[in-house]
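Engineer: Quick one: the structure is below, questions incoming.
The values are calculated or read from the model by the stated rules, or taken from the named source; none is laboratory data. Just so it is clear, the model here is predicted, and its values are computed rather than measured. All Cβ positions, glycine included, derive from the backbone under ideal geometry; neighbour counts span all protein chains shown. Heads up: the accessible areas ignore ligands, DNA and RNA and are worked out on the full protein's heavy atoms, side chains in. Shrake-Rupley method; radii C 1.70, N 1.55, O 1.52, S 1.80 Å.
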Amino acid sequence: MTLVAITREVSPSLERCELTHREQEPIDLALAMDQHRAYERALEALGCRLFRLPGSPDLPDCVFIEDIAVVLDEVAILTRPGAAARRPETPVVGATLETLRPLAEIREPGTLDGGDVLVAGRTLFVGLSTRTNGEGIEQLGRLAEPLGYRVQPAEVDACLHLKSAVTRIAERTLLIQPKWVDAALFEGWQLIKVAPSEPHAANALRVGHAVLYASAYPRTRARIEARGLRVLAVDQSELAKAEGGVTCCSLIFEGQRRRG
Ligand code: CIR
């Protein structure tokens, strides 16, 4: 089965991005674009078929496409991002997704960012964050539970999204920053904790049997490799200044086309 990765170009107005936990600092736009292209090449090297959507000067955060949809095998759910300025990002992403999956959407007053949804088999852990509200989580449940998914809310503290605090890196293994989310929620999973000197290191992207990972976290990377996992590192220094990480910059899923 081919993996599809949808990405979106870095906006020329990236410097006007939303910021929650970081102070604004100068971003080298040309370098950000180069680093994003290297990330896309890494996805292709790991076997993904790439769909690259255009960016826009009106959408400073559009490169962070993960927040705009939750793609399950059965349906793609367009989100209603918690940051109002990001809501105009959805139509272009929806137009591509509807060629690949039946489409559903989160509606007002619900808000939900894809960065808050950790798909772990038939369990969807969903961050209750500054971006995702209880109504958004309930709507996700109404869409996903009839398909056989269980929705498990997870409060997150001191970080932007659930996937800033915990990501899946192998079939039964999660990478976690236990200061930001309650590790007890993940009973039955093998947990790898981030190195204490790398508090932001829990965001990793599983692609097939490999892990795409930011080069900024060598100590945590060593912990992942010690479990026998293959890690491909990419430099994301510039998008990190916009509070982005490796999961944020793509939507990855198995690419069967929709029937009918
Ligand atoms: C934002 O605040 O929405 C963007 N500057 C960063 C979004 C990062 N997305 C993610 O972690 N899924």
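Engineer: Provide, as a two-decimal number, the C-alpha radius of gyration of the chain over 2.2 N^0.38 Å, N being how many residues it has.
Structural biologist: Expressed relative to 2.2 N^0.38 Å, the Cα Rg reads 0.92.
Engineer: With each run of n ≥ 4 DSSP H residues scored as -39500 (n - 2.57), what mean residue ellipticity at 222 nm is computed for the chain after dividing by its residue count and rounding to the nearest 500 deg cm²/dmol?
Structural biologist: Roughly -5500 deg cm²/dmol at 222 nm, from the helical runs in the chain.
Engineer: Under a 1.4 Å probe, what is the accessible area of the chain per residue, stated in Å²?
Structural biologist: 44
Engineer: Taking the Cα centre of the chain as origin, work out the dipole magnitude from +1 charges on Lys and Arg Cβ and -1 charges on Asp and Glu Cβ, in debye rounded to 20.
Structural biologist: 860
Engineer: Using the charge dipole of the chain (Lys, Arg: +1 at Cβ; Asp, Glu: -1 at Cβ; taken about the Cα centre), state which of Gly244, His200, Phe51 has its Cα farthest towards the positive end.
Structural biologist: Checking the options against the dipole of the chain, the answer is Phe51.
Engineer: Now, a different point. With the dipole of the chain worked out from charges on the C-beta (+1 for Lys and Arg, -1 for Asp and Glu) around the Cα centre, which of Pro109, Leu229, Ala84 lies farthest toward the positive end?
Structural biologist: Checking the options against the dipole of the chain, the answer is Leu229.
Engineer: Expressed as a rounded percentage, what relative contact order does the chain have, with Cα pairs under 8 Å and six or more residues apart?
Structural biologist: 23
Engineer: I've got another one for you. Any idea what the dipole of region 152-197 comes to, in debye rounded to 20, about its Cα centre with Lys/Arg Cβ at +1 and Asp/Glu Cβ at -1?
Structural biologist: In total the dipole reaches around 180 debye.
Engineer: Show me the GluC sites (Glu not before Pro) within region 54-95 that DSSP assigns to loop and that have at most 16 other Cβ atoms within 10 Å of their Cβ.
Structural biologist: Of the GluC sites (Glu not before Pro), the ones in loops of region 54-95 whose Cβ has at most 16 other Cβ atoms within 10 Å are Glu74.
Engineer: Give me Rg/Rg_expected for region 132-260, where Rg uses Cα atoms only and Rg_expected = 2.2 N^0.38 Å with N residues.
Structural biologist: Normalised Rg, Cα atoms only: 1.12.
Engineer: Also, quick follow-up: Share of region 3-254's accessible area from carbon and sulfur, percent, 1.4 Å?
Structural biologist: On region 3-254, the fraction of accessible area on carbon and sulfur atoms equals 50 percent.
Engineer: Which values, in whole Å and largest first, are the semi-axes of the equivalent ellipsoid of region 1-110 obtained as the square root of 5 times each eigenvalue of the Cα gyration tensor?
Structural biologist: Here the semi-axes work out to 23, 20, 11 Å.
Engineer: Find the relative contact order for region 97-181 and round it to a whole percent, using C-alpha pairs within less than 8 Å whose residues are 6+ positions apart.
Structural biologist: Rounded, it is 27 percent for region 97-181.
Engineer: Hey, what's the Kirkwood Rh for region 165-237 if you take every pair of different alpha carbons, in angstrom?
Structural biologist: Result for region 165-237 stands at 12.1 Å.
Engineer: Just in region 124-159: which GluC sites (Glu not before Pro) are loop by DSSP and have at most 11 other Cβ atoms within 10 Å?
Structural biologist: none
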